[in-house]
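Just below is one structure, and these are the notes that go with it.
The values are calculated or read from the model by the stated rules, or taken from the named source; none is laboratory data. Only a predicted model underlies this, so the values are computations on that prediction, with no experimental measurement involved. Here the Cβ is made from the backbone with ideal geometry for all residues, glycine too, and neighbour counts use every protein chain on show. Quick note on the areas: whole protein, heavy atoms, side chains included, nothing else; ligands and nucleic acids left out. Shrake-Rupley method; radii C 1.70, N 1.55, O 1.52, S 1.80 Å.
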Amino acid sequence: MSHVEAMLDAYPKDLGNVDRGKLAECIEACFECTQTCTACADACLSEDMVAELTKCIRTDLDCADICATSGAVLSRHTGYDANIT
């Protein structure tokens with residue numbers, strides 16, 4: 001059992017008809033995406049031609065922010081609304 005699944009199982013309120021397994025997979029994928037995009041941006045910054053990689057670095061960081069935010073939003077359940085999620 002992953003830490004995300006454990007978190008969802010420990011949540012005291014009903015999440016409605018949400019498939020907890022699929023929600024856990026989605027949250028985990030969001031955080032994996034964050035890590036991958038951040039690592040790519042970091043690798044680009046280690047290249048000799050950093051100036052030529054500016055667009056790639058910015059795209060990586062934008063992607064990392066979007067994935068991190070999505071994972072964080074999906075991890076919060078107080079006042080949970082399945083239709084919004």
From the phi of every residue in the stretch 56-64, what ³J(HN,Hα) in whole Hz does the Karplus formula 6.51 cos²θ - 1.76 cosθ + 1.60 yield, where θ is phi - 60° and glycine or proline is x?
4, 4, 4, 5, 4, 5, 4, 4, 4
Here the gain from full extension of Ile66 to His3, 0.36 nm per residue of separation minus their alpha-carbon distance, amounts to 20.6 nm
Coordinate range along principal axes, alpha carbons of the chain, Å, largest first:
52, 26, 16
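Excluding the sites themselves, what is the longest stretch of the chain that contains no trypsin sites (Lys or Arg not before Pro) in a DSSP loop with at most 15 other C-beta atoms within 10 Å? Before the final figure, lay out each step's value.
Numbers: sites that count: Lys13, Arg76.
It runs 14-75.
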Output for the stretch 13-85: GluC sites (Glu not before Pro) sitting in coil per DSSP, at most 12 other Cβ within 10 Å, listed by number, reads Glu47
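Quick check: net charge around Thr54, other residues with Cβ under 15 Å of its Cβ, Lys/Arg +1 and Asp/Glu -1?
Values: positive: Lys55, Arg58; negative: Asp42, Glu47, Asp48, Glu52, Asp60, Asp62.
So the environment of Thr54 carries a net charge of -4.
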To the nearest 0.05, what FRET efficiency results for Leu45 and Val73 with a Förster distance of 25 Å applied to their C-beta separation?
0.35
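Compare Val4, Val50 by solvent-accessible area with a 1.4 Å probe and give them largest first, with all protein chains kept in place.
Numbers: Val4 5, Val50 50 Å².
Greatest to least solvent exposure: Val50, Val4.
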Could you state how much accessible area Asp14 has, in square angstrom rounded to the nearest 10, with a 1.4 Å probe and all protein chains kept in place?
130
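Summing -39500 (n - 2.57) over the DSSP H runs of n ≥ 4 in the chain and dividing by its residue number, what mean residue ellipticity at 222 nm do you reach, to the nearest 500 deg cm²/dmol? Walk me through the numbers before you get to the answer.
Working: 3 runs with 56 residues, N = 85.
It lands at -22500 deg cm²/dmol.
Per residue, how many Å² of accessible area does the chain show with a 1.4 Å probe? It would help to have the intermediate numbers written out before the result.
On the way: 5980 Å² over 85 residues.
On a per-residue basis, the chain sits at 70 Å².
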Unit charges at the beta carbon, dipole of the chain: most positive-side option, Cys30, Cys44, Gly16
Gly16
